[in-house]
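Step one of this worksheet: look at the structure below.
The values are calculated or read from the model by the stated rules, or taken from the named source; none is laboratory data. Computed from a predicted structure; not experimentally measured. Quick reminder, even Gly has a Cβ in these numbers, built from the backbone with ideal geometry, and neighbours come from all protein chains shown.
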Amino acid sequence: MNIESNKESYDFIAGEVLLFDKPYDWTSFDLVNKVRRLICNSLGVKKIKVGHAGTLDPLATGLLVVCTGKATKTIDNYQAEEKEYVATLKLGATTPSFDLETEIDAEYPSEHITRDLIELVLKDFIGELEQIPPSFSAVKVDGKRAYELARQGIDLELKAKKLVIREIEILNFESNLLALRIVCSKGTYIRGLARDIGLALQSGAHLTELKRTRIGHFVINKSMDIETFENKLK
């Protein structure tokens, strides 16, 4: 399975593992559906198995692993892999969704926040943690997705889940914008981490940008955009 191959070396039915850079404002399913349509049109078939490993929020970009044909059996393996993200947090304000999907609902003091304080606080986020998923998430509550209920204004009490944060590195801190590189286990909500970091700083925070840069040994600079893939099939 050659990710960098041309059309003639693809075997979508036997199974391919394709690396994409998911566009902003696309759901992961949007990308999978687009890939499926392109492959079906290329092969002249009505359907083919296509799936993805590790969902990205619509407002996030970055690496999405897409598997076709028999390779879809390996999706669970890729989902279990360690992930790396680059995230930008806006300090001093919160939103109900913990990102830009919803408007700011509260503002908090942030003048006391320094780089030294951030470095001190981030030490407490390394290792095994328990995290309450965001209400605006795909967690199922009584058979429904949490985000569906949250958008209806229904208050939710979600159970905390265990996860592991292996690394958090400050990339930049300026004008209340904090850029972080985060290496974490599957099931980590970076939006939830933004919320918790804001609380630990005795302020508030929400996510303004998120890009996934790695899943296991797959890295973003080996990925392609959907236009490149479409051109390879022509």
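Consider region 161-204. How many of its residues are buried (at least 19 other Cβ atoms within 10 Å of the Cβ) and among the basic types (K, R)?
So the answer is 2.
Within region 203-234, which residues are within 27 Å of E119 (Cα to Cα) and either touching a Pro at 6+ places or on another chain (Cβ under 8 Å) or without any contact (Cβ under 8 Å) to a residue 12 or more places away in the chain (or both)? Give the steps one after another, and end with the answer.
Initial filter on region 203-234 (within 27 Å of E119 (Cα to Cα)): 203-216, 219-220.
If the condition is that a residue be within 27 Å of E119 (Cα to Cα) and either touching a Pro at 6+ places or on another chain (Cβ under 8 Å) or without any contact (Cβ under 8 Å) to a residue 12 or more places away in the chain (or both), then S203 is the only one that fits.
On the given criteria, is T88 in the same structural domain as L180 (by TED's automatic domain parsing) and touching a helix residue (DSSP H, G or I) at 6+ places or on another chain (Cβ under 7 Å)?
Numbers: in the same structural domain as L180 (by TED's automatic domain parsing): yes; touching a helix residue (DSSP H, G or I) at 6+ places or on another chain (Cβ under 7 Å): no.
So T88 fails the test.
Residues of region 175-234 being aromatic (F, W, Y) and either touching a helix residue (DSSP H, G or I) at 6+ places or on another chain (Cβ under 7 Å) or at pLDDT 95 or above (or both), which ones?
Scanning region 175-234 gives F218, F229.
Scan region 58-71 and give yes if some residue there is over 19 Å from R191 (Cα atoms), β-branched (V, I, T), surrounded by fewer than 19 Cβ atoms within 10 Å (Cβ to Cβ) and more than 19 Å from the chain's Cα centre (by Cα), otherwise no.
So the first thing to find is which residues in region 58-71 are over 19 Å from R191 (Cα atoms), and the list is 65-71.
If we keep only those that are β-branched (V, I, T) as well, we get 65-66, 68.
Narrowing the set further to residues that are surrounded by fewer than 19 Cβ atoms within 10 Å (Cβ to Cβ) leaves none.
Looking for residues that are over 19 Å from R191 (Cα atoms), β-branched (V, I, T), surrounded by fewer than 19 Cβ atoms within 10 Å (Cβ to Cβ) and more than 19 Å from the chain's Cα centre (by Cα), one finds none in region 58-71, hence no.
Looking at the structure I just gave you, is A87 at pLDDT 95 or above, of a type in the set (G, A, S) and under 16 Å from the mean Cα position of the chain (by Cα)?
On the way: at pLDDT 95 or above: yes; of a type in the set (G, A, S): yes; under 16 Å from the mean Cα position of the chain (by Cα): yes.
In short, yes.
How many residues are among the polar types (S, T, N, Q) and at pLDDT below 95 when one looks only at region 112-134?
Going through region 112-134, the residues among the polar types (S, T, N, Q) turn out to be 114, 131.
From what is left, the residues that are at pLDDT below 95 are 131.
Matching residues across region 112-134 total 1.
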